[in-house]
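Here, each number is a calculation from the coordinates, and none is a lab measurement. These numbers were taken from a predicted model, which means no experiment stands behind them. Virtual Cβ from ideal backbone geometry, glycine too; neighbours counted across all protein chains shown.
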Amino acid sequence: MPNLTGKVAIVTGSTKGIGLAIAKRMVSEGMSVVVSSRTSDDVAEVAARLGDHVIGLPCDVADPDDCARLVAETVTHFGRLDVLVNNAGLGVFKPISEMSIEEWQLQVNVNLGGVFYLSKAALPHLSATGDGYIVNIGSLASRNTFASGTGYNASKFGLLGMTEAMMLDVRHDDVRVSIVMPGSVNTPFNNHETSSERGWKLEADDCALAVMQLLEFPKEAHVSRIEIRPSQPGAKS
């Protein structure tokens, strides 16, 4: 099992939910982590809480210049970049007849554009380590449609395609690319409150465990996709 101690990761959308759980797991394995979201105060607070090997850098992943800055500042601070977790994402759940052009563009710019911008900026640094990794956090909505999911489904279907094509592009550049596709997760995503009443759902840490399992495979082994879902789903809430 590879030793993750001293490896450096960027985790986007990591001040709460799945991203925060991933960052915590990484720190517990001895990794250095950049936590990131759009809000400076949030990233500073989470970074301080997680310890000495964590820094907080705000970033709007829909802005390519901001993404390039995030990667550059990470490498300047830690001297390297081993893992990029593209977790930041959002959803606007409306029928197409009610969805504005701006809401459509926002989902595509964040859920697809952000992954492209950050991955492109990170790839030279990931390749330089000799064993880089990009993990994209998708969703079972990456292949299962639902009503009012026009924008979200489109962006997540696109993310699955992007991940698998990017994997083929960079596999000989010492970079692996995988996607983790969770089902319903008990997080604040889409302004939900976490609650024991939703306890049948996955927990954020279940998704974080899947990410860590990917990183622990030896370099010559590549698990390209993990689908994870509640084992005993309840009624939709």
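Here are a few things to note about the model shown:
- Reciprocal mean inverse distance between Cα atoms of the chain - Kirkwood radius, Å: 17.8 Å
- For the chain, the 222 nm mean residue ellipticity estimated from helices alone, with every DSSP H stretch of n ≥ 4 adding -39500 (n - 2.57) and the total spread over all residues, rounds to -13000 deg cm²/dmol.
- For segment 8-228, the number of Lys pairs with C-alpha atoms closer than 30 Å, counting only pairs eight or more positions apart or on separate chains, is 16.
- Loop-exposed trypsin sites (Lys or Arg not before Pro) per DSSP, neighbour cap 16 Cβ within 10 angstrom, longest uninterrupted part of the chain: 144-218
- Angle between the chain longest axis and helix 40-50 axis [Cα atoms, degrees, rounded to 10]: 60 degrees
- Estimated at 0.36 nm per residue, the fully extended path between Glu216 and Ala147 surpasses their Cα-Cα distance by 21.1 nm.
- Of the GluC sites (Glu not before Pro) found in segment 93-182, the ones in coil according to DSSP and having at most 12 other Cβ atoms within 10 Å of their Cβ are Glu98.
- Built amide H within the under 5 Å cut-off of Gly183, gap 5+: Leu140, Ile228, Arg229
- Cβ-Cβ FRET estimate between Met99 and Thr129, R0 fixed at 41 Å, reported to 0.05: 0.50
- The angle between the Cα long axis of helix 64-78 and the main principal axis of the chain comes to about 40°, on a 0 to 90 degree scale.
- Surface/4 estimate of mean projected area, convex hull on alpha-carbon atoms of segment 9-93, nm²: 5.4 nm²
- Folded to 0 to 90 degrees: helix 17-28 orientation relative to the chain principal axis, Cα: 20 degrees
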